[in-house]
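Working notes for the structure below.
The values are calculated or read from the model by the stated rules, or taken from the named source; none is laboratory data. Please read these numbers as outputs of a predicted model, since none were measured by experiment. A quick note on method: Cβ atoms are made from the backbone with ideal geometry, for glycine too, and the neighbour counts reach across all protein chains shown.
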Amino acid sequence: MDFDEVVRKRKMIREYDLGRQIPNEIVSRLIKNAHTAPSAGHTQVQEFIIVKDNATKKKLRKAAVNQEYVEKAPVLIVVCSNVSRSVGRYGNRGKEFYSITDGAFASMLILLTVVNEGIGACFVGAFEDNKVSEILELPKDVKPIGIICIGYPAEKPGKFERINIDALVHYEKYGSYNGAQQSSNI
């Protein structure tokens, strides 16, 4: 699939065909692509926990403010950051910012790869960190960044209205717009 098409087709899918399982080969491709994500100073903080066990998914649902698709998705990929790899190099900024950004980069690569594979996904960021850490028995330096629910779609999400790009792009400084003339060059 053309990259622009992948980006345009990316939607959050929250309903899954529960009769179809995701092949391990697809999960492996998702992880391999996420593994190529950039990281601050090439610290490679990203780590991944693949969850298929129903009992674990049920616990994670509760930790994720009871979002039912966490339990119903055939596969979860919990993207984590091992902050021990960034804190030594960047101190608190590595722990509190770079490691989160690096986990987000890996998550976006998973979300885009999902589209290319013809399956669906939803990124869940609303969860109680300490409960997720406890459920997954994460070491103290490994922090959960997001739970990605994956499955074959059982819905066709609608198109959301987007803010006009001309209101979001500034030139040289904030508040400096150059309207449609410049936006066509973006």
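A few remarks follow.
- Lone qualifier among VAL87, VAL51, VAL27 - being at pLDDT below 95 and buried (at least 17 other Cβ atoms within 10 Å of the Cβ): VAL87
- Hits in the range 129-159 - residues which are without any contact (Cβ under 8 Å) to a residue 40 or more places away in the chain, assigned to a loop (DSSP other than H, G, I, E, B) and closer than 16 Å to LEU76 by Cβ: GLU137
- Any hit, the range 80-102, residues being in contact (Cβ under 8 Å) with a residue 60 or more places away in the chain and acidic (Asp, Glu): yes
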